[in-house]
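Following: one structure in structure tokens, then a few remarks.
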Amino acid sequence: MTDTDRERLRRTFTEAAETYDRARPGYPPHLYDDLAALAGAGPGCQVLELGCGTGLATVPLATLGCRIVAVELGAELAAVARRNLAEHPQVTVEIAPFEDWPLPPEPFDLVLAATSFHWIDPAVRVAKSAAALRPGGLLATVSTHHVAGGTEQFFVDVQDCYERFDPATPPGLRLTAAADIPYDTQESPGRNAEQGNAALPGAERFEPPLFRRYTRDLTFTTRQYLDLLCTFSGTRALAPAARAGLLDCVGRLIDRTYGGSVTKRYLTELRLARRTA
């Protein structure tokens, strides 16, 4: 992804803040159990969250008692996050790109990026996260993968809708099984053994990462699934006519062939890397 594409696509999320808040399913409860056990997320823990969106991960962390500074690029998303966090005065939501946001003098115990780290400039994200952390602090990144499972035939059939209305869709695309999704080693110290690429700037300031993974199936009605699609950057980046055609095609398929609901399988990965002294 080029810098121009990254900037253009990441700004599409703020166009649908209320839909994003309503449609996105959030993260598995066990993820927060692991953040508490492995990263000390709880009362007194100082957290910097990158790209909080509408607060899908922020609210559960605040409920654990964390003190949070959340940095969000989109003003509309930040407004919804502040509304959702109104009962948690220990949380501050600031509007800025993380790349430009000035770090406070006091370091954080935990830097969290939930499905947002890949939207931050690769030349900045790891090194600035390291600068934000105290020695021994943890960088936690969460990624979400749509994997094979659930209503499997639907995801075969819906490929036709994407090939008709989204020119970026590879022909014959199929979902990958969760067991075959590689671990996110892109930010690891040294070199990426799988890809042979040099690590991103700042990776040498972290110990090798620890991973936790969670798989779950979630069922959506036709309306819920179409709302979910409207929160994806690829859908939002389509021309209006193509986007309308895609949503109509998908909605008709769910209603006519799958009885008005489909089940989607998610793989969520938590990656924890400790900052060296």
Filter pass, His146 being under 24 Å from Arg236 (Cβ atoms), of a type outside the set (D, E, K, R) and part of a helix (DSSP H, G or I): no
Unmet criterion (only one of (1) at pLDDT 95 or above; (2) more than 18 Å from Arg22 (Cβ to Cβ)) for Leu238: (1)
Residue in region 74-81 that is assigned to a helix (DSSP H, G or I) and without any contact (Cβ under 8 Å) to a residue 60 or more places away in the chain present: yes
Top-ranked residue of region 117-176 - restricted to ones that are touching a strand residue (DSSP E or B) at 6+ places or on another chain (Cβ under 7 Å), closer than 15 Å to Phe98 by Cα and not aliphatic (A, V, I, L, M), ranked as surrounded by the most Cβ atoms within 10 Å (Cβ to Cβ): Ser129
Boolean, Gly53 is part of a loop (DSSP other than H, G, I, E, B), under 27 Å from Lys264 (Cβ atoms) and of a type outside the set (Val, Ile, Thr): yes
Positions within region 176-232 being out of contact with any helix residue (DSSP H, G or I) (no Cβ under 9 Å at 6 or more places or on another chain), among the aliphatic types (A, V, I, L, M) and modelled with pLDDT of 95 or more, in sequence order: Ala177, Ala178, Ala179, Ile181, Leu218
Extreme residue, nearest to Glu204 (Cα to Cα), among residues of region 218-277 that are of a type in the set (Gly, Ala, Ser) and under 22 Å from the mean Cα position of the chain (by Cα): Ala273
Residues being under 18 Å from the mean Cα position of the chain (by Cα) and not hydroxyl-bearing (Ser, Thr, Tyr) - total across region 34-61: 15
Subset of region 149-161 that is assigned to a helix (DSSP H, G or I) and closer than 22 Å to Leu267 by Cα - its residue that is nearest to the chain's Cα centre (by Cα): Phe155
Leu110 vs. criteria assigned to a strand (DSSP E or B) and either buried (at least 24 other Cβ atoms within 10 Å of the Cβ) or touching a residue at least 60 places away in the same chain (Cβ under 8 Å) (or both): yes
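The values are calculated or read from the model by the stated rules, or taken from the named source; none is laboratory data. Bear in mind the structure is a predicted one, so any value in this text is a computation, not a measurement. Counting neighbours? That spans all protein chains shown, and the Cβs are built from the backbone with ideal geometry, glycine included.
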